[in-house]
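In what follows, a structure is listed as structure tokens, so that the remarks can point back to it.
The values are calculated or read from the model by the stated rules, or taken from the named source; none is laboratory data. Note that the coordinates shown come from a computational prediction; the quantities given were computed from them, not determined experimentally. Here the Cβ is made from the backbone with ideal geometry for all residues, glycine too, and neighbour counts use every protein chain on show.
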Amino acid sequence: MDGIFHLSRAFDDDDVVHVEGDVNPVRDLEIIHAELRKKDENFLIKKTEDLTKQVARIGSGGSVADKAKKEELIVLQKLVKLVSEDSKDVRTGDWSNKEVEIINSLHLLSAKPVVYLVNLSERDYARKKNKWLVKIKNWIDEHYPGDMLIPYSGALEEKLSLMESDTERQDYLKKLSDDYAEGKPVVSALPKIIVAGYQALNLIYCKLNYFKYINALYFIYVFTYSIIYYIYIFIINLTFPFFFLI
């Protein structure tokens, strides 16, 4: 796992019971981050204890591998302090390039890049208004400045996915626009979520038309085969000048 989508609920629904009893996405985000740090903390403490014993047996000398273990132990101790005593995610720390290499090898949950998804009702998503959105944005800016927040509607995305044609989907989105958004466009949030995931991982998202892609591959195949074929004929003709006369 290279990244995390943090999903929080920001809609009220009597038929969907919240595990905490009421809807409070800011509280939920704090709980989730605390649980991820706790998971990292347990792992780091155990690994630090094991490596401390190994380094103690090495003493003051040792090979290059032994020196690497000593460097890793120093990083582990800094990590334990950050997540346990300071209650901060690993990704918020100030790390050198060498420390980043060691941290990446540990696959810690609180070191992963994060995109925040806020699940709204269809109505709130269409009108782009919800009492929790500003509070969530302020919380993110305070604790994790720069992280992306994307509102979306799970109920809407499910409906769109079950519709049989693009025309049907566009008609439904237009209805939401007319009913709640004063005619302003309402679109699916899935493309934005996908692109945000790629950006969080420092990857490039390229949207391709499948059929155009297949046609392009076929053209490249035919073109390459033709070139190889004519080169082959040219070589044969040089080697056996009377080949085509037979």
inquiry  = So if I check each of 193, 220, 236, which one is surrounded by 15 or more Cβ atoms within 10 Å (Cβ to Cβ), assigned to a helix (DSSP H, G or I), at pLDDT below 95 and not hydroxyl-bearing (Ser, Thr, Tyr)?
reply    = 193
task = Restrict the check to the range 137-150 and report whether at least one residue is of a type in the set (Asp, Glu), closer than 23 Å to residue 3 by Cβ, in contact with a Leu (Cβ under 8 Å, 6 or more places away or on another chain) and modelled with pLDDT of 95 or more.
result = no
Those residues of the range 103-146 which are out of contact with any strand residue (DSSP E or B) (no Cβ under 8 Å at 6 or more places or on another chain), among the β-branched types (Val, Ile, Thr) and surrounded by 18 or more Cβ atoms within 10 Å (Cβ to Cβ), in sequence order = 103
ask   = Within the range 19-34, is even one residue farther than 25 Å from residue 134 by Cβ, out of contact with any helix residue (DSSP H, G or I) (no Cβ under 8 Å at 6 or more places or on another chain) and surrounded by fewer than 15 Cβ atoms within 10 Å (Cβ to Cβ)?
value = no
remark   = Residue set 14, 50, 40, 2; condition out of contact with any helix residue (DSSP H, G or I) (no Cβ under 7 Å at 6 or more places or on another chain) and at pLDDT 90 or above; output residue 50
key: residue 117 being in a helix (DSSP H, G or I) and of a type in the set (A, V, I, L, M)   = no
message = Restricting to the range 147-184, give me the number of residues that are in a loop (DSSP other than H, G, I, E, B) and closer than 23 Å to residue 9 by Cα.
response = 3
query = What do you reckon, is residue 110 at pLDDT 95 or above and polar (S, T, N, Q)?
reply = yes
request  = Exactly one condition in (1) touching a helix residue (DSSP H, G or I) at 6+ places or on another chain (Cβ under 7 Å); (2) free of Cβ contacts under 8 Å to residues at least 40 places away in the same chain; (3) not assigned by TED's automatic domain parsing to the domain that holds residue 23; (4) not hydrophobic (A, V, I, L, M, F, W, C) is not met by residue 158; state its number.
outcome  = (1)
